[in-house]
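So the structure is just underneath, and the comments pick up after that.
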Amino acid sequence: MPGPGTGSSGRGNVGAEEVPEVIKEVSGVYGVARDVAAVDRVMSYYCMVYVLQRAIEITKACTGGRPQAVKALLLTWMDDVETQKKNLAGLLDQEGMGSPYVEIFATRIYDIAERDFASNTADSKTAQNFLAAKDFFQVLLIFGELSESVKQKQKVCEEHAKSITNKSPKDTHASPPFDPFPTPPQPTTSQRNQQQQSTPPLNSAASIPPLSATTQQSQSQSQSQSQSLQNNSPPVYQFSHKANMDEMESAQKHARQAASAIDSSDRGSAVTHILAALSILTGTNVSL
């Protein structure tokens, strides 16, 4: 499956450093979304949801409308996010696969960097991990406001990454791309037997704290539940109408108003806004 930003049209195939200046704010999260795509499709998907939502929000205020290049990129990202969601099937609907999953993932990266920093073994990779953890924590905004504890961790990430960079700026700038699951060095022949009973290296995948019990259970049952998920997942509808950027924003507005009406137990308004959003997305007059 292509990574995020690599839509079939090729228009969205840009590196983080090539993100247009007007939406440069999202380049960090976009970068880690690409980096993590090969090892965790769920986390990559949530990163791209944040990137898309934030980029749309930023460019609403563009004088004279969105630049054509940005508009094309956003449309490609929309297609990529929809493809990612479809490929994840019903996995996202399982318990613990929302904000808890994102926070656990970000915390694992944060903990690895913190242990390196506390043990005075921090290097350029540690700085990269701090910055990546900060970006992963930022993705929690798609689920609501950030907690004070998360904001504090982001502050620590920024301060420690800056401290490491100031100590060895050349080494940090030359560091390789972020790797969320760095592999340990290969043992020599004489070390192999001892390594089986020794503690794994601090930065190895084996040293990463385990996921929550809920997430472990979901993963261990994934194979046995795959057929059930396919049978129980809502159908994916295909329409000839291709909603443009303005229509997507209008549909999002109706969806938010529908959610607000539901929270207020105003069923009439909720249904009205849901039908309006469906009409926009399908290009037809949807009614009851």
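One residue alone among S44, S27 is modelled with pLDDT of 90 or more, within 15 Å of the chain's Cα centre (by Cα) and open to solvent by less than 60 Å² (accessible area, probe 1.4 Å), and that residue is S44.
For M1, the conditions (1) in contact with a helix residue (DSSP H, G or I) (Cβ under 7 Å, 6 or more places away or on another chain); (2) open to solvent by 40 Å² or more (accessible area, probe 1.4 Å); (3) modelled with pLDDT of 75 or more all hold with the exception of (3). Look at E145 and say whether it is assigned to a helix (DSSP H, G or I), of a type in the set (D, E), without any contact (Cβ under 8 Å) to a residue 60 or more places away in the chain and farther than 18 Å from D35 by Cβ. For E145, the condition - assigned to a helix (DSSP H, G or I), of a type in the set (D, E), without any contact (Cβ under 8 Å) to a residue 60 or more places away in the chain and farther than 18 Å from D35 by Cβ - is not met.
Residues in segment 109-131 that are farther than 18 Å from G28 by Cβ and of a type in the set (D, E, K, R): D111, E114, R115, D116, D123. For segment 124-138, the condition holds for no residue, the condition being that it is touching a Phe, Trp or Tyr at 6+ places or on another chain (Cβ under 8 Å) and either part of a loop (DSSP other than H, G, I, E, B) or without any contact (Cβ under 8 Å) to a residue 24 or more places away in the chain (or both). Checking each residue in segment 66-95 for being farther than 13 Å from Y45 by Cα and in contact (Cβ under 8 Å) with a residue 60 or more places away in the chain picks out R66, K71, A72, L73, L74, L75, T76, G90, D93, Q94, E95.
Residue-level check: of (1) touching a residue at least 12 places away in the same chain (Cβ under 8 Å); (2) more than 19 Å from V49 (Cβ to Cβ), K151 misses just (1).
Tell me yes or no: at least one residue of segment 84-92 is under 24 Å from E21 (Cβ atoms) and of a type in the set (A, V, I, L, M). I'd like the intermediate steps shown before the answer.
Step one: of segment 84-92, the residues under 24 Å from E21 (Cβ atoms) are none.
For segment 84-92, residues under 24 Å from E21 (Cβ atoms) and of a type in the set (A, V, I, L, M): absent.
So is V49 aliphatic (A, V, I, L, M) and without any contact (Cβ under 8 Å) to a residue 60 or more places away in the chain or not? When the stated conditions are applied, V49 does not pass them. Considering only residues in segment 260-285 that are in a loop (DSSP other than H, G, I, E, B) and at pLDDT 75 or above, the one that is least open to solvent (accessible area, probe 1.4 Å) turns out to be G283.
Somewhere in segment 100-117, is a residue open to solvent by 50 Å² or more (accessible area, probe 1.4 Å) and outside any helix (DSSP H, G or I)? No, segment 100-117 contains no residue that is open to solvent by 50 Å² or more (accessible area, probe 1.4 Å) and outside any helix (DSSP H, G or I).
Restricting attention to segment 58-75, the residues being surrounded by fewer than 12 Cβ atoms within 10 Å (Cβ to Cβ) and either acidic (D, E) or in a loop (DSSP other than H, G, I, E, B) (or both) number 4. I104 meets the conditions (1) among the aliphatic types (A, V, I, L, M); (2) within 23 Å of G144 (Cβ to Cβ); (3) in contact with a Ser or Thr (Cβ under 9 Å, 6 or more places away or on another chain); (4) at pLDDT below 90 in every case but one. The failed one is (4).
The values are calculated or read from the model by the stated rules, or taken from the named source; none is laboratory data. Keep in mind the model is a prediction, meaning the values are calculated, not measured. Cβ coordinates were reconstructed from backbone atoms using ideal geometry, including for glycine residues, and neighbour counts include every protein chain displayed. Note: accessible area is taken over every heavy atom of the protein model, side chains too, but ligands, DNA and RNA are not part of it. Shrake-Rupley method; radii C 1.70, N 1.55, O 1.52, S 1.80 Å.
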